[in-house]
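> Would you mind keeping the following structure in view while I ask a few things?
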Amino acid sequence: MENLFEKAAEFSRQGKYEDLVSLISKMEAMGCLHPELLILKSRCVQTTKLPISAGLEEVEKTLKEAVSMDKTYFPAFVELGYFKLNVLDNAAEAIPLFDKAIEIINSIAAEAILGKANCISELKTKEEAILFIESAKNNIIESKKMKEFLNDLHIYSSD
């Protein structure tokens, strides 16, 4: 099955969208579908020559299936959110999807941060663990992508 996922990613990188959709259909029949493949499928459908409305309906249906398949797979929520925002021009429907993605990411990040803090507490001191947690809380704002976005909004200055 791993090989099929690799092949799907390769088809996507090479722009072989018809081959990718065919492979995903085979994987669907085998019962080994994953939300990531549905995201790839949605991207392929957007590049096909289907009438725009039919293509958009298929993309939305595919992304909703990815979201419902795994309620913890945050990339599906992000992808559907951007589809709603940028393609369907519906920011109101996109917000709850981005909220869910953020909720999932925060939960995952909290687990990793607390795990590392426990290690620091065990290997060093509780005070250093607390300092790590405090610094980790601010790391998201320091990401390059976030700085660029905030700069675009003229909210953040990098001095």
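> Quick one: which residue in D152, D99 is of a type in the set (D, E), more than 26 Å from Y17 (Cα to Cα) and at pLDDT below 95? Walk me through it before giving the result.
Values: D99 fails: at pLDDT below 95.
After ruling out the rest, the residue left standing is D152.
> Still on this structure: In the stretch 4-22, what count of residues is obtained for those that are closer than 12 Å to C44 by Cα and assigned to a helix (DSSP H, G or I)?
12
> Name every residue in the stretch 99-137 that is surrounded by 13 or more Cβ atoms within 10 Å (Cβ to Cβ) and among the basic types (K, R), in order of residue number.
Result: K100, K116.
> Please verify whether the stretch 85-92 includes one or more residues that are of a type in the set (V, I, T) and within 21 Å of the chain's Cα centre (by Cα).
Scanning the stretch 85-92, I find at least one residue that is of a type in the set (V, I, T) and within 21 Å of the chain's Cα centre (by Cα), so the answer is yes.
> I'd like to check something: does the stretch 20-42 contain any residue that is touching a Cys at 6+ places or on another chain (Cβ under 7 Å), modelled with pLDDT of 85 or more and surrounded by 13 or more Cβ atoms within 10 Å (Cβ to Cβ)?
First, pick out the residues of the stretch 20-42 that are touching a Cys at 6+ places or on another chain (Cβ under 7 Å): 20-21.
Still in the list and also modelled with pLDDT of 85 or more: 20.
Within this subset, residues satisfying the condition of being surrounded by 13 or more Cβ atoms within 10 Å (Cβ to Cβ) are 20.
Yes, some residue in the stretch 20-42 is touching a Cys at 6+ places or on another chain (Cβ under 7 Å), modelled with pLDDT of 85 or more and surrounded by 13 or more Cβ atoms within 10 Å (Cβ to Cβ).
The values are calculated or read from the model by the stated rules, or taken from the named source; none is laboratory data. Every value quoted in this text rests on a predicted model; they were computed, and no experiment measured them. All Cβ positions, even for glycine, are placed from backbone atoms using ideal geometry, and neighbour counts span all protein chains on display.
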